[in-house]
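Chemist: Let me begin by handing over the structure; questions about it come next.
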Amino acid sequence: MKGRLFMYNENSKKLLNLHPNEAAFLKKYNFVILNKNLSYGKSYPSHWHDYFECEIVLEGSANHGYNNTNYRIFPGYAYLLSYVDTHSVTPLTNMKIFSVCFNENFLPNEITDIISVKARSCSCFFSSIEMAYITKRIERINSIDINIDFYQHTVTAMITEIILLILQKSNISDSTITPSLAQQTISYIMRHFREHISLNSISKQLLITPKHLGVVFKKNTDMSFNEYLNNVRLEYACNLLITSDLL
């Protein structure tokens, strides 16, 4: 399946980066694979997603705007994006990028929670030997017939392996993450901060009292729930103001 990139809706002032067929596939299978071909001379402006994304540069180079940071990406570079992140791509040459868009139900909860909290730290560079292995895995993923038995399980396992490699290369481990209850709360905030959420609504999701959750959260983050939520929303708004006109 070949991806179509960054269709701009002037009415909503929001970048829509999935073709309707791709969006339908994402909804059905919780993921969609895009083999992106980016053209030199065409800029892909700052935008955000309502899903997670894993991207690996296969060919070419570009200036990559990630939140309020700009740097060069080139073959072997890989990164993860969560709901809170904004990014832009300005190709310096023609490019090929392997991209996986996925919903929060695609990966095991433990991995999704880590990505939700640590996505901005999840970038790395794969060596030529590592890229040879990853490229073979990508070719295998692209060749799998959607109609075979256990298609979704097979592809999920292979993509999970690639994402775990990115986490490992980024020096992210489960020992660096805050205790489970606080981590689950942070992960929920990162996924739903654009919505009306509260300590009460999350505590119902986690089947505990708001008071207990508030105490545990502040103990592990040194911030109250509302302070943390407001900081996430403020940072996101600042990123949009700095990098785009999406507000």
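Chemist: Starting at the first residue of segment 131-142, write each ³J(HN,Hα) from the Karplus equation 6.51 cos²θ - 1.76 cosθ + 1.60 with θ = phi - 60°, in whole Hz, x for Gly and Pro.
Modeler: Along segment 131-142, the couplings run 5, 4, 5, 5, 4, 5, 5, 5, 4, 5, 4, 5 Hz.
Chemist: I've got another one for you. Can you compute the radius of gyration and Dmax for segment 76-157, using only the Cα atoms, both in Å?
Modeler: 14.6, 41
Chemist: If you don't mind, there's one more thing I want to ask. Order 59, 104 by their accessible area, 1.4 angstrom probe, all chains in place, largest first.
Modeler: 59, 104
Chemist: Return the sequence-ordered ³J(HN,Hα) values of segment 100-107 in whole Hz as given by the Karplus equation 6.51 cos²θ - 1.76 cosθ + 1.60 applied to θ = phi - 60°, using x for Gly and Pro.
Modeler: Taking θ as phi minus 60°, the curve returns 10, 9, 8, 8, 5, 8, 6, 9 Hz for segment 100-107.
Chemist: Moving on. Give me the mean projected area, in nm² to one decimal, of the convex hull enclosing the Cα positions of the chain.
Modeler: 13.9
Chemist: Quick one: check the C-alpha center-to-center distance for segment 129-206 versus segment 224-239, whole angstrom.
Modeler: Rounded to whole Å, the Cα centres lie 23 Å apart.
Chemist: Provide the descending list of Cα extents for segment 86-228 along its principal axes, expressed in whole angstroms.
Modeler: Projected onto the principal axes, the Cα atoms of segment 86-228 cover 50, 39, 28 Å.
Chemist: Follow-up. What does the helix-only formula give at 222 nm for the chain: each DSSP H stretch with n ≥ 4 adding -39500 (n - 2.57), the total divided by the residues, and the result rounded to the nearest 500 deg cm²/dmol?
Modeler: Mean residue ellipticity, 222 nm, calculated: -14000 deg cm²/dmol.
Chemist: Round to the nearest 0.05 the FRET efficiency obtained for residue 140 and residue 194 when R0 = 35 Å and r is the Cβ-Cβ distance.
Modeler: 0.45
Chemist: Got a sec to turn the phi values of segment 92-97 into Karplus ³J(HN,Hα) couplings, 6.51 cos²θ - 1.76 cosθ + 1.60 with θ = phi - 60°, whole Hz, x for Gly and Pro?
Modeler: Coupling constants for segment 92-97: 9, 8, 5, 9, 10, 10 Hz.
Chemist: Quick check on segment 28-119: what does the Kirkwood estimate of hydrodynamic radius come out to from the alpha carbon pairs, in Å?
Modeler: For segment 28-119, the Kirkwood estimate is 13.6 Å.
Chemist: Hey, another quick one. Each label point is 7 Å from the Cα along the Cα-to-Cβ direction; what then is the distance between the points at residue 149 and residue 224, in nm?
Modeler: For residue 149 paired with residue 224, the spin-label model returns 5.7 nm.
Chemist: Under the definition of Cα pairs under 8 Å and six or more residues apart, what whole-number percent is the relative contact order of the chain?
Modeler: Rounded, it is 19 percent for the chain.
The values are calculated or read from the model by the stated rules, or taken from the named source; none is laboratory data. For clarity, every value in this text was computed on a predicted model and none was experimentally measured. Methodologically, a virtual Cβ is constructed for each residue, glycine included, from the backbone with ideal geometry; neighbour enumeration extends over all protein chains shown. The accessibility values were calculated without ligands, DNA or RNA, using every heavy atom of the protein model including side chains. Shrake-Rupley method; radii C 1.70, N 1.55, O 1.52, S 1.80 Å.
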